[in-house]
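Everything below concerns the one structure shown next.
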Protein chains: 2
Amino acid sequence: MAASTLSEVARLAGVSLATASRVLNGSSRKPAEDIAERVREAADKLGYVPNAQAQALAKSSSGLIGLIVHDIADPYFSAIARGVQEAARQQNRMVLLASTSGAAQDEKEAVAAFAARRADSIVIAGSRSVRAEDKQGNIELAAELDRYCRNGGHVGVVGHPVVGASTTEGYHVVEVPNEELAADLAAELAATHEGEFLIVAGPEGLYTSDDRVRGFQRGLADAGRPAAGIIRTGFNRAGGYDAGPALAERIKASKERLCIFAVNDVMAIGVTAALRPEGVWIPRDATIAGFDDIETLRDFRPALSTVHLPLEDIGRLAAGDPDTAPVSGAVKLRRSTETPVEVQA
Amino acid sequence: MAASTLSEVARLAGVSLATASRVLNGSSRKPAEDIAERVREAADKLGYVPNAQAQALAKSSSGLIGLIVHDIADPYFSAIARGVQEAARQQNRMVLLASTSGAAQDEKEAVAAFAARRADSIVIAGSRSVRAEDKQGNIELAAELDRYCRNGGHVGVVGHPVVGASTTEGYHVVEVPNEELAADLAAELAATHEGEFLIVAGPEGLYTSDDRVRGFQRGLADAGRPAAGIIRTGFNRAGGYDAGPALAERIKASKERLCIFAVNDVMAIGVTAALRPEGVWIPRDATIAGFDDIETLRDFRPALSTVHLPLEDIGRLAAGDPDTAPVSGAVKLRRSTETPVEVQA
DNA sequence: TTGCAGCGGGAATGCGCTTTCCCACATACG
DNA sequence: CGTATGTGGGAAAGCGCATTCCCGCTGCAA
């Protein structure tokens with residue numbers, strides 16, 4: 001990647017480097033219009049493209065914003081990515097992408113790479129965890145992030161603060177009221193569902209999952225219902241799918257209809273998919289609700305009850321967009337938790 | 001973003017800049033082990049993070065790979081993005097992301113921005129078009145890309161060559177056998193479907209759409225079937241949805257069952273969604289097939305017949321991964337084109 | 001002992017740009 | 001007419017690093 005340089009432009013236009021820079025790359029000092037015109041012509045003729053690396057080096061600001069997700073092809077993350085991307089565009093920045101599968105070690109490396117590129121800010125989506133096996137990774141990640149912040153970096157975190165961060169300086173946490181919303185969901189479900197509840201949760205220690213479980217249980221308690229049983233599995237579609245057989249058995253054994261709360265939509269989808277071949281139909285034999293309201297749900301049948309989260313806005317907020325309203329979710333009851341007519345009768 | 005610099009490390013370790021550089025950032029010359037150790041210690045103590053911008057400037061190679069998609073939250077693009085990301089990771093590069101909604105003007109700007117960042121290569125996904133209204137945009141985009149290539153850049157294009165490129169130098173087109181695969185699909189469908197066919201296509205001039213239409217018609221002709229009618233609409237879910245009412249009318253008016261070919265999956269999904277409230281059921285009242293086999297289909301009911309495309313591999317190939325096999329698709333017939341038992345009887 | 005290759009480390013240059021500082025000139029005022 | 005005040009352009013000093021070139025040293029053969 002070589003290209004014509006600013007000094008070539010300056011020479012062709014017969015002006016100094018400084019003047020050319022002032023004309024082409026914005027400065028508080030505006031050279032005279034005739035000179036400016038000459039410079040622009042020269043730049044055009046040479047096909048000059050400013051070297052952002054050199055600019056970044058000279059200005060010590062890169063115009064880069066780093067985004068860390070578990071998996072860019074996951075609808076939850078890609079929605080957030082879209083928001084980040086839009087915010088970046090508005091701020092005239094570019095997005096640097098890193099997918100990590102959620103491994104703290106990889107996230108640490110991504111942060112280091114972003115720091116090396118002198119990204120102005122880093123957005124880290126995907127839930128943090130306090131599980132023992134993640135401990136070492138979390139410590140290293142936190143150390144890397146802290147260092148980045150100490151050097152003037154800016155970190156936007158979705159959901160929960162980074163585990164083990166030694167400071168809040170430079171961190172900007174986009175709060176997601178997971179617990180409250182889960183409680184709301186439980187309250188609304190309890191209003192129409194008479195029977196038992198069951199939670200399909202992610203691994204213990206995963207903040208997002210834990211918050212939603214806690215909120216749901218609180219909502220049930222407030223409605224005078226007994227606490228729901230909990231099945232733990234992976235925090236993704238595969239996890240939901242794996243939980244299917246056990247759930248099917250439980251549903252068939254129970255005389256009353258079960259209401260399942262999967263702590264996120266992709267898990268709910270996985271559960272539903274696994275239940276279908278077992279002959280368990282939603283909402284005929286059991287009802288189910290998810291969380292997130294990912295775009296995929298629009299075409300998923302039965303329409304899935306869930307809690308709507310403004311994922312794009314979350315991305316925008318994490319990217320530091322000031323014009324975006326704070327996160328507020330809303331319960332969306334759909335067909336997957338409707339009581340079928342036959343049963344009502 | 002300030003941080004400790006190499007010269008600080010060098011000073012602390014009591015060595016020269018050159019030596020520190022050789023130790024820390026890989027060079028053919030390896031300093032003695034005791035010195036190297038001193039340098040590493042110093043770097044560690046200072047929390048040194050090499051400045052990739054400066055490295056890029058000095059080496060004139062940025063380790064960046066630019067990715068242009070229409071919409072990162074579209075499952076088609078996010079699958080490709082995943083592939084690109086993986087390839088980048090293997091090559092020890094980072095992905096720069098740009099979403100453009102398919103506007104040639106925006107794509108041009110994205111290319112310029114990537115060029116400014118001296119990206120080593122650019123991957124441009126999303127189909128090109130020869131529509132009149134895109135002409136000016138295409139010309140400018142091609143000019144920008146050509147310039148980028150002339151300066152030594154490397155462009156990976158998914159599907160079709162860039163319209164108006166004045167050279168093939170630097171371009172690497174990932175060929176997708178859209179036409180052949182569409183013909184295969186038509187052949188397989190014609191084997192079981194007796195009635196009429198109808199194509200829901202994107203706007204005329206969109207390469208990908210046109211190729212698939214042409215292939216499908218050829219496949220029908222080879223099977224001795226009359227050419228299918230064509231409905232043109234947007235090349236996305238909304239387009240498919242919009243085509244719904246007209247399709248429903250047609251289906252209701254026809255005595256024999258219609259087989260619909262939507263030129264991509266999201267359009268097929270849109271069509272199906274729009275048909276449902278009209279009381280038209282797939283595959284009872286009509287059958288439908290899509291194209292791409294996006295991951296979303298896994299949980300879409302009725303299971304959608306489609307043509308599988310290895311989207312991640314396509315991304316990897318476009319990103320210049322040498323170990324990935326060339327693109328080969330395959331027809332996947334699923335429930336959405338099955339002839340229902342009642343009708344067979 | 002001298003000469004030479006070979007090795008390891010350092011000084012210095014340049015990558016392409018921004019920005020400070022300086023200077024020449026023009027204008028205004030006393 | 002001389003000095004204060006701006007105005008606009010240029011020279012040069014970095015930004016942080018890779019790399020070329022150079023130099024002093026060691027070890028070996030002559």
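The values are calculated or read from the model by the stated rules, or taken from the named source; none is laboratory data. Computed from a predicted model, the values in this text were never measured in an experiment. FYI the Cβ positions are ideal-geometry reconstructions off the backbone, even for glycines, and counts take in every protein chain you see. We work out accessible area using only protein heavy atoms, side chains counted, and drop any ligands, DNA or RNA first. Shrake-Rupley method; radii C 1.70, N 1.55, O 1.52, S 1.80 Å.
Take every residue in peptide B:67-74, count the Cβ atoms of other chains within 10 Å of its Cβ, and give the average of those counts.
Working: counts 2, 0, 1, 0, 3, 12, 15, 4.
Whole-number average of other-chain Cβ neighbours for B:67-74 is 5.
With a Cα-only, solvent-free Debye model of the stretch A:34-74, what are the log10 I(q)/I(0) values at q = 0.29, 0.31 Å⁻¹?
-0.91, -0.94
Excluding A:Arg218 itself, calculate the net charge of residues whose Cβ lies under 10 Å from the Cβ of A:Arg218, where each Lys or Arg counts +1 and each Asp or Glu counts -1.
-2
In the full protein assembly as shown, how much of B:Val266 is accessible to a 1.4 Å probe, in Å² to the nearest 10?
30
What distance in nm lies between label points placed 7 Å from Cα along the C-beta direction at A:Ala238 and B:Thr168?
4.1
Whole number please: convex hull volume per residue of the Cα set in the stretch A:1-158, in Å³? Before the final figure, lay out the partial values.
Numbers: hull volume 20.6 nm³, N = 158.
Each residue corresponds to 130 Å³ of Cα convex hull volume.
Which whole-angstrom value gives the distance between the alpha carbon centres of the stretch B:238-299 and the stretch A:185-212?
For the stretch B:238-299 versus the stretch A:185-212, the Cα centre distance is 35 Å.
Normalised by the residues of chain A, what does the relative contact order come to in percent, with Cα pairs under 8 Å and at least six apart?
Rounded, it is 14 percent for chain A.
Can you tell me what share of the DSSP beta bridges in the protein assembly as shown is antiparallel? A percent to the nearest 5 is fine.
Around 15 percent antiparallel, to the nearest 5.
Against the longest alpha carbon principal axis of chain B, how many degrees, from 0 to 90 and to the nearest 10, is the axis of helix B:75-90 turned?
Helix B:75-90 sits roughly 30 degrees off the main axis of chain B.
Above 16 Å lies some portion of the pair distances; for the stretch B:238-283, what is it as a whole percent of all C-alpha pairs?
Summing the P(r) tail past 16 Å for the stretch B:238-283 gives 27 percent.
Taking a point 7 Å out from Cα toward Cβ as the label site, list the nm distances between A:Thr339 and the same residue in every other copy, smallest first.
Spelled out, the distances from A:Thr339's label point are 4.5 nm.
Across peptide A:321-327, how many C-beta atoms of other chains are within 10 Å of each residue C-beta, on average?
Mean shielding count: 0.
May I ask you to derive the relative contact order of the stretch B:61-174, considering only C-alpha pairs under 8 Å and at least 6 residues apart, and to give it as an integer percent?
About 27 percent, as a whole number.
Given Cα positions, please report Rg to Rh for the stretch B:90-193, the hydrodynamic radius being the Kirkwood one.
Radius of gyration relative to Kirkwood radius: 1.08.
Taking the stretch A:6-50 on its own, what percent of its Cα-Cα pair distances exceed 14 Å?
Considering the stretch A:6-50, 33 percent of its Cα-Cα pairs are separated by more than 14 Å.
Hey, what did the stretch A:239-281 get for relative contact order, percent, Cα under 8 Å, at least 6 apart?
Worked out over the stretch A:239-281, it gives 61 percent.
Report the trypsin sites (Lys or Arg not before Pro) located in the stretch B:200-271 that are in a DSSP loop and have at most 12 other Cβ atoms inside 10 Å of their Cβ, or state none.
Counting only loop positions with at most 12 other Cβ atoms within 10 Å, the trypsin sites (Lys or Arg not before Pro) in the stretch B:200-271 are B:Lys255.
For chain B, what does the equivalent ellipsoid look like in terms of its semi-axes, each the square root of 5 times an eigenvalue of the Cα gyration tensor, given largest first in whole Å?
51, 21, 16
Along Cα-to-Cβ, 7 Å out, sits the label point; list in nm, shortest first, how far the one on B:Ser166 is from those in the other copies.
Its label point is 5.7 nm from the equivalent points in the other copies.
Cα centroid distance between the stretch A:135-156 and the stretch A:91-120, in Å?
Rounded to whole Å, the Cα centres lie 11 Å apart.
Using a 7 Å offset from Cα along the direction of the beta-carbon, what are the separations from B:Glu256 to the same position in each other copy, nm, ascending?
5.6
How many percent of Cα pairs in the stretch B:142-209 exceed 16 Å?
Working: 1394 of 2278 pairs.
Above the 16 Å cut-off, the stretch B:142-209 has 61 percent of its Cα pairs.
When the gyration tensor of the stretch A:210-251 is built from Cα positions, what are the square roots of 5 times its three eigenvalues, in whole Å, from largest to smallest? Could the numbers behind the result be given before it?
Working: eigenvalues 104, 38, 7 Å².
Rounded to whole Å, the semi-axes are 23, 14, 6.
Determine the percent antiparallel among the DSSP beta bridges restricted to the stretch A:119-270, to the nearest 5.
Antiparallel bridges make up about 5 percent of those DSSP assigns within the stretch A:119-270.
Report, in degrees rounded to the nearest 10, the 0 to 90 angle that the Cα long axis of helix B:207-222 makes with the longest principal axis of chain B.
Computed tilt is about 40 degrees.
When N counts the residues of the protein assembly as shown, how does its alpha-carbon radius of gyration compare numerically with 2.2 N^0.38 Å, as a ratio?
Against the compact-globule rule of thumb, the ratio is 1.06.
Any idea what angle helix A:33-46 forms with the longest principal axis of chain A, computed on alpha-carbon atoms, 0 to 90 degrees, nearest 10?
Taking Cα atoms only, the helix is inclined about 70 degrees.
Would you mind getting me the FRET efficiency between A:Ala325 and B:Ser16? Use the beta-carbon distance for r and R0 = 45 Å, nearest 0.05.
Values: r = 54 Å, r/R0 = 1.21.
Efficiency computed from Cβ-Cβ geometry: 0.25.
Taking beta carbons within 10 Å but only from partner chains, what does the mean come to for residues B:44-53?
6
Kindly provide log₁₀ I(q)/I(0) values, in the same order as q = 0.13, 0.18, 0.22 Å⁻¹, from the Debye equation applied to equal alpha-carbon scatterers of the stretch B:200-329.
Log10 of I(q)/I(0), two decimals: -0.56, -1.01, -1.37.
State log₁₀ I(q)/I(0) for the stretch B:112-160 at q = 0.20 Å⁻¹ as given by the Debye formula over alpha-carbon point scatterers of equal weight, solvent excluded.
-0.71
Let me check I've understood the local charge: for A:Ala253, count other residues with C-beta under 13 angstrom from its C-beta, Lys and Arg +1, Asp and Glu -1. What total comes out? Walk me through the intermediate numbers first.
Working: positive: A:Arg250, A:Lys252, A:Lys255, A:Arg257; negative: A:Glu196, A:Glu249, A:Glu256, A:Glu278, A:Asp285.
Within the 13 Å Cβ shell, the charges total -1.
So what is the 222 nm mean residue ellipticity for chain A from helices alone, if each DSSP H run of at least 4 adds -39500 (n - 2.57) and you divide by all residues, rounding to the nearest 500 deg cm²/dmol?
Computed mean residue ellipticity for chain A: -14000 deg cm²/dmol.
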